Structure formats: structure tokens, C-alpha cells
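The structure appears below as C-alpha cells.
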Amino acid sequence: MRVREPTILDVARKAGVSKSTVSNVIRGAGKTSAATRARVLGAIADVGYRPNAIARSLVRRRTTTVGILVGDLANPFYSELAKLVEQRLAAAGYTTMICNTDGHAASEQDRIESLLEHRATGIVMLQFSGEWPLADELRAQGIPLVVVSCWEEGSDCVAVDDVSGVRLAVDHVVGLGHGRIAYLSSGLVEPKTDRLRLDGYERALRSAGIRFERRLAVRWEEPAYLSSDRELVGAIEVLLAGPAPPTAFVVSNDLVAIDLVETLEQIGLRVPEDVSVVGFDDIALAGLARVSLTTVAQPREALAEIGSAIVLERIRDGIAGPLRQVRLAPELVVRASTARVA
């Protein structure tokens, strides 16, 4: 026999107040004295009442759910960042739905439509393809959108300064005496962000008086972990086979950088004695003693904190007003994958 679930009326009777007073306490609305609020909360605990979020959302036309869209959950940087954003939203009383899009515009649209069907009250995107007018469409429906870790001109956003980050990496290896520096990227980095990082690479080379060579800037559209080892080995061998091969690599992503270190070792080169490698992101794996990757750190905590604060503010106050856009400074973390040129 099924036990009857306690209702808001049971709470009201237990606390000796009206149903509307209980509702106000649950929603944080109206003016309720501290003593009455404490009595209501005690009654909720005593009777075991659980507010029906679905019923409340039908009345309010919105839920307390925020959608988090991730380009690729297999990338530790984004999975770590999604966790941090989820923690901050949970602390503010919101639940989250995390969706993986594989960085494809069609998948983004499908996931957004699903979130809107579930009456999501706000959306945080950790990657955005930029291939469709998402911000305009959501703004027309009154849904807050914040893009985190990727700069988006038409939306609230918070991101690291990608150009400055890659310049830190190039300046570091130039300071170690390297003059032949390659740039390596993959589909793990969305094209818009990759263009900014490539621009930082070119600018840093020019500032150092080093000529930019297109053949030294390589991008795989498939993420490194989806490519065959032989394909990666072959591409690196071609890059190193010229008369003046690179002695340092600046890589747009830590996963690709770690894969590159392994590939270089497979073909008989030592890191950093023969080739230096710098990554970007500072995922937890990069700091392990066996890996010890020099990298450009993105301030994940600050990205999550600011991005969450913006979407919560927009949910509370509405989407009117100027865009909130914040660009954060990167930091170079020097470990054991870089050394002075031999």
C-alpha cells in the first residue's frame, strides 16, 4: 500500500499558519517574520514535505533548471569547468541539465530546443560554434545566455584572453633561445578560439623578429584522441623532416600537447632535451609528475564564478541592459616540458 505524500496543507497545519504563508517561505517571497519562517521550515522537516518543483514551474512558466552546454565532455578542461559551474548554481538553489554537443551547430540547436521544452530558466554554454544567431533567438524569448571560456561578441560572456595566453607561451620559448616554433591545434578547440590563439602566435613571432611560416601552423579537424597514432606520428615526422625543423611547439590545448609529447618520444625525440612543448588550459593531468607540462593556465574558478554570477543576475533581474563581457588574464605555468634550446 502506497503511503500518502505529505502536502503543503500538512505543513500549514503543523506550523499553525496559512497555506499561502508556507508557499511564501518556500519561494522566498512576501514578508515573513524570522520566527514564522523558522516554524514553517521546522514543520517541513517534521512532516517530510518536499515541494513539487514541476507544479511550481507550471505556475511560474519557468523551472529552476539551468542548461549547461559543453562542446566535448571528453576534454577534461570542459568537464572540470562544467562541474564548477554546476556547483555554484546548485549553491544558489538551481538544478542543471548538462548537454554534450560535440561542437556542432546542429547539436547545439537540438540541445537548446530540448532545454526550452523543459522550460530552462537560463543557459550557460562552455563552447559555442558561432554558426547561428543563438543569442538573438534566446533574447527574443527572454532566456538568459552566458558563454563561458569562449568570447562571443553578441552575448554575455567571460573568457580568458586567448591572444595574450599564446603570446605568453611563445615569449617563454623564445626566451629559452628557440627560434623555430610550431603551432599545433585540433578540433578540440572551437575555430573562433583557435583563430584568436593563432593570431597570438603570429603576433608574438613578429614581436620577437621571427618570420611566420604557414607550414609550421598545423590543425587537425578531428580531436587528437579520435585520430590514429600513425596519423599523428606521420604528420609530426613531416613537420620535423625539413631542413630547419621546429625545436619548440606551442599547442592550443593540453590534451593535444600531452599526445604530442608521447608522439615525439615514439619517434626518438626527448622532451624537453630535443623539443620543448607548451600546452594551453592547465588541466589536472598536466600537473602530474610524469607529465609535468608547461602550459598556459585558464582561471577555471574565476570563469565559473563570474559566468554563474552573470546568469543568476540575468535570471533575477532580466536580460535588459548592456552586455556583461569579461576578459580574464591567463597565467604561464612553467614545468618540465620546456628547456633552453640545445
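Remarks
- Cα→Cβ-extended label distance, 7 Å offset, between residue 284 and residue 331, nm: 1.8 nm
- Protein-only accessible surface order, largest first, of 8, 319, 283 at 1.4 Å: 319, 8, 283
- Mean ellipticity per residue at 222 nm, deg cm²/dmol - from DSSP H runs of n ≥ 4 across the chain, formula -39500 (n - 2.57): -13500 deg cm²/dmol
- Cut-off under 5 Å, modelled amide H: who pairs with residue 220 long-range: 185, 186, 187
- Across the options 125, 339, 142, the greatest Cα extent toward the positive end of the charge dipole of the chain (unit charges at beta carbon of Lys, Arg, Asp, Glu) belongs to 142.
- Computed with a 1.4 Å probe over protein heavy atoms only, the accessible surface of the chain comes to 47 Å² per residue.
- In region 273-322, GluC sites (Glu not before Pro) in a DSSP loop with at most 13 other beta-carbon atoms within 10 Å: 273
- Those trypsin sites (Lys or Arg not before Pro) in region 245-342 that DSSP places in a loop and that have at most 10 other beta carbons within 10 Å: 290
- In a DSSP loop and with at most 11 other Cβ atoms within 10 Å, the trypsin sites (Lys or Arg not before Pro) in region 158-223 are 211.
- Scaling against 2.2 N^0.38 Å puts the C-alpha radius of gyration of region 238-342 at 1.46.
- Magnitude of the charge dipole for region 182-320, about its Cα centre and with charges confined to Cβ atoms of Lys, Arg (+1) and Asp, Glu (-1), is about 480 debye.
- Percent accessible area from carbon and sulfur atoms, the chain, protein chains only, probe 1.4 Å: 53 percent
- Gyration tensor verdict on region 229-277 (Cα atoms; rounded if a/c is under 1.5, prolate if a/b is larger than b/c, oblate otherwise): rounded
- Per-residue HN-Hα couplings for region 327-339 [Karplus 6.51, -1.76, 1.60; θ = phi - 60°; Hz; x = Gly/Pro]: 10, 9, 7, x, 9, 7, 10, 8, 10, 9, 8, 10, 7
- Farthest toward positive dipole pole in region 163-221 [+1 Lys/Arg, -1 Asp/Glu at C-beta], among 207, 185, 173: 207
- Between residue 276 and 248, 249, the built amide H atoms are under 5 Å apart, and every one of these is 5 or more places off in sequence or on another chain.
- Qualifying lysines (Cα of each under 26 Å from Cα of residue 31; at least 8 residues distant if same chain): 14, 19
- If only the Cβ of Lys and Arg carry +1 and only the Cβ of Asp and Glu carry -1, the dipole of the chain around its Cα centre is close to 2040 debye.
- Rounded, prolate or oblate (a/c below 1.5 giving rounded, otherwise prolate when a/b exceeds b/c) for region 260-322 by Cα gyration tensor: prolate
- Anisotropy class of region 150-227 from Cα gyration tensor, a/c 1.5 cut: oblate
- Projected label distance in nm at residue 213 and residue 113, using a 7 Å step from Cα toward the beta-carbon: 4.8 nm
The values are calculated or read from the model by the stated rules, or taken from the named source; none is laboratory data. Remember, predicted model here, so these are calculated numbers, not experimental data. Ideal geometry is used to build each Cβ from the backbone, glycine not excepted, and the neighbour counts take in all protein chains shown. All accessible areas refer to the heavy atoms of the entire protein, side chains included, with ligands and DNA or RNA removed. Shrake-Rupley method; radii C 1.70, N 1.55, O 1.52, S 1.80 Å.
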